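The values are calculated or read from the model by the stated rules, or taken from the named source; none is laboratory data. The structure displayed is predicted, hence computed values, not measured ones. Backbone-built Cβ (ideal geometry, glycine too); neighbour counts: all protein chains shown.
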Amino acid sequence: MSRKKGKLIVISGPSGTGKGTVCAQLLEDKMNDFSVSMTTRSPREGEVHGREYYFVTREEFERNIEAGNFLEHATVFDNLYGTPKDMVVNRLERGHNVILDIDVQGGLQVKKAMPEAVLIFILPPSLSELRKRLEGRGTEDAEKVEKRLGEALNEIKLIGEYDYYLVNNDIDEAVALARSIIAAESARVPEAVKPIIREYENENTEK
Ligand code: 5GP
């Protein structure tokens, strides 16, 4: 068989579920590459342009939308976020998996554009646990925590559109499960080869 293309892996889930930590651990595998998104939000302390995100102005972001440079883009918490298409396509062609840490709206757009993408949803153990984690971060005031919990519930309602879910009770178990999903998906017989094989079979029975 010709060289395998990589897998496009979408990781979504409400903020505070540990999605970032799961992605960071998956990236320790050299076959997994991270897709650096473009955003209009300001960098947080310690974030580096080109590493966590490409931080751009709204004008630049809109120019990229018009040029058709995004695989998907969405407004999240009042800022624009988008996945640059070229990098994703190049890495997949080279046989690398590409990990997208994006919200559910983005995940659904990716599924439409590339139905072969694998969508994994990360759930918190419970909403009360999520509340504890958000409060524990100390980065959001009470009003914002309530807003994030409301948004979390809206995201969770769309879980039926995803291929897999995992509950982040324990980070090591969550990462192990995500790795197993990627491994199994990489071993899947591609849909594209099935009709080719059927043609050979038909030819053989016609003889
Ligand atoms: P943060 O600003 O905290 O880094 O990310 C906020 C949310 O935006 C997270 O849920 C993250 O997964 C999502 N996000 C990051 N990059 C993208 C992107 O390119 N597209 C979409 N749709 N969501 C993104």
Which numbered condition Q109 fails, given (1) within 12 Å of the ligand (Cβ to nearest atom); (2) in contact (Cβ under 8 Å) with a residue 40 or more places away in the chain; (3) surrounded by 15 or more Cβ atoms within 10 Å (Cβ to Cβ): (2)
Residue count, the stretch 112-133 (criterion: under 21 Å from the mean Cα position of the chain (by Cα) and in contact (Cβ under 8 Å) with a residue 60 or more places away in the chain): 11
For residues that are part of a strand (DSSP E or B) and farther than 18 Å from G50 by Cβ, tally how many sit in the stretch 74-108. 4
Filter result for N97 (touching a residue at least 60 places away in the same chain (Cβ under 8 Å) and away from the ligand (no atom under 14 Å from the Cβ)): yes
Subset of the stretch 85-94 that is touching a Gly at 6+ places or on another chain (Cβ under 9 Å) and within 13 Å of V36 (Cα to Cα) - its residue that is farthest from the ligand (Cβ to nearest atom): R91
Residue under evaluation A184, criteria (1) among the hydrophobic types (A, V, I, L, M, F, W, C); (2) at pLDDT below 95; (3) under 18 Å from N32 (Cβ atoms), criterion not met: (2)
Taking I196, is it under 28 Å from K4 (Cβ atoms) and either of a type outside the set (V, I, T) or in a helix (DSSP H, G or I) (or both)? yes
So in the stretch 10-58, with the set limited to residues that are closer than 24 Å to V145 by Cβ, hydrophobic (A, V, I, L, M, F, W, C) and buried (at least 17 other Cβ atoms within 10 Å of the Cβ), which one is farthest from the ligand (Cβ to nearest atom)? V22
Single match in G68, G82 (criterion: within 13 Å of the ligand (Cβ to nearest atom) and either modelled with pLDDT of 95 or more or among the acidic types (D, E) (or both)): G82
Mind checking whether some residue in the stretch 156-166 is touching a residue at least 60 places away in the same chain (Cβ under 8 Å) and assigned to a loop (DSSP other than H, G, I, E, B)? yes
Just one of K132, K111 is part of a helix (DSSP H, G or I), of a type outside the set (G, A, S) and at pLDDT below 95; which is it? K132
Being more than 16 Å from V22 (Cα to Cα) and not charged (D, E, K, R) is the filter here; which residues of the stretch 120-129 pass it? S126, L127, S128
